[in-house]
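Worksheet: the structure to be examined is printed underneath.
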Amino acid sequence: MIEIGTQIDLPHPADRVWRAMTDPELLGRWFAETEPVPDGPGRWRVRTAGLPGFEADVEVEVVDRREPELFVVRCHEGVDRSLLTCAVSPTAVGCRVLVREIVEHGDWPAERGTRRKECYRQSLAGRLPALLDWLAFQQVDLRRDSAAPTAVLPVALMADLGRRPTRRRTTWVVAGSGAAALTLGLAGWALLPGGPPAETGADPVPPPARSAVAPDPTRSAVTPRPTPTTTPSSARPSRTPSPTPSRTPSVSPSAPDPVGARYETVSTRVFGYTGEVVVDNPGGTPASGWTVVVTLPRGNSAAEVTGADWRQDGQSVTFTGPAVPAGGAQAIRFDVRTADPVTKAPQGCTVDERPCAGL
């Protein structure tokens with residue numbers, strides 16, 4: 001028996017997710033268009049032909065339905081028949097969606113099952129969250145009269161963000177004016193008639209006095225003294241090179257260059273974003289045992305991680321992965337679900353307890 005499945009955590013209530021998955025118009029926006037079958041009461045045709053893992057359009061009939069937690073449909077695709085189950089269960093920050101499909105009649109090649117599973121995963125992790133964010137934004141906008149602070153909050157924050165560059169420009173202008181004033185002040189001090197001549201006159205006076213007082217024999221006596229000191233100094237360099245090469249190779253293997261990391265938000269949605277951390281290894285040997293920790297705001301959750309093993313404990317998401325080759329890099333990409341429409345980056349990021357660049 002062939003079985004495929006995937007699951008995803010979403011920061012949306014179960015009733016909103018249920019609506020997006022069972023409303024034919026909404027289903028067509030994030031997965032595939034649907035239409036009723038004329039001669040088949042209770043049947044729908046889903047336009048899946050051309051999607052990865054599908055050979056033709058699928059006709060579905062409802063087998064079980066328990067709103068808003070479960071629906072089961074039987075899928076007819078040519079001579080193949082499968083049973084598709086979708087379960088929606090609440091979580092602390094939203095709900096979890098589990099999709100599972102079992103082949104009842106026919107046979108799927110392994111590649112077809114893999115592509116079909118990936119199609120489900122990409123639709124659930126990419127297009128469905130975007131549609132849910134749009135539905136949530138509509139609800140916020142419709143409640144504008146009864147919840148003005150919630151509706152006005154993004155606008156107020158955007159206005160504040162718009163004022164920040166002005167303050168920064170003002171700061172730079174003030175700093176530039178101060179620097180210019182300081183430069184002019186120093187230039188004016190340097191051009192004062194009293195200062196420079198005094199220093200200029202002080203320098204030439206001592207040399208003639210010393211040349212007049214110091215006799216030639218003294219200088220000739222001083223000349224031989226550097227000669228004996230030069231001999232030991234020339235001997236010392238001969239000893240110095242011998243320890244230097246012996247110490248250099250011993251330090252390099254025991255203290256490899258530490259790995260670094262940089263963070264970037266690669267895409268955003270109304271209620272979430274996709275982040276990426278790239279771990280760089282500038283050393284000459286593979287780097288293993290690295291750990292990246294990303295700190296999310298309270299109530300945020302990570303999902304759909306690629307490039308590393310991961311676990312979330314409260315606000316901290318810990319990533320570990322394979323050894324990074326010498327001079328190479330390892331990219332970690334993850335989705336963040338949040339009810340905050342403004343924040344589009346984590347609060348912090350470290351690699352082996354050192355800060356990541358980009359935050």
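Overview of values
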{"quantity": "Projected label distance in nm at L70 and D23, using a 7 Å step from Cα toward the beta-carbon", "calculated": "2.5 nm"}
{"quantity": "Sulfur and carbon atoms: percent of accessible area, region 1-43 [1.4 Å]", "calculated": "47 percent"}
{"quantity": "Coordinate range along principal axes, alpha carbons of region 1-145, Å, largest first", "calculated": "54, 33, 27"}
{"quantity": "Accessible area in square angstrom per residue, region 298-359, 1.4 angstrom probe", "calculated": "51 Å²"}
{"quantity": "Cβ-based net charge around R16, under 12 Å, with every Lys or Arg adding one and every Asp or Glu removing one", "calculated": "-2"}
{"quantity": "Where a label projected 7 Å from the Cα of V266 along Cα→Cβ would reach, residues of region 309-328 with amide N under 20 Å", "calculated": "309-312, 317-325, 328"}
{"quantity": "Spin-label pair L83/F137, simplified geometry with 7 Å Cα→Cβ offset, distance in nm", "calculated": "4.0 nm"}
{"quantity": "Dipole moment magnitude, nearest 20 debye, region 1-130 about Cα centre, only Lys, Arg, Asp, Glu C-beta charged", "calculated": "420 debye"}
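The values are calculated or read from the model by the stated rules, or taken from the named source; none is laboratory data. No experiment lies behind these values; they were computed from the predicted model shown. Cβ: placed from backbone, ideal geometry, glycine included. Neighbour counts: every protein chain shown. Side chains are part of the model used for accessible areas, which takes the heavy atoms of the whole protein and leaves out ligands, DNA and RNA. Shrake-Rupley method; radii C 1.70, N 1.55, O 1.52, S 1.80 Å.
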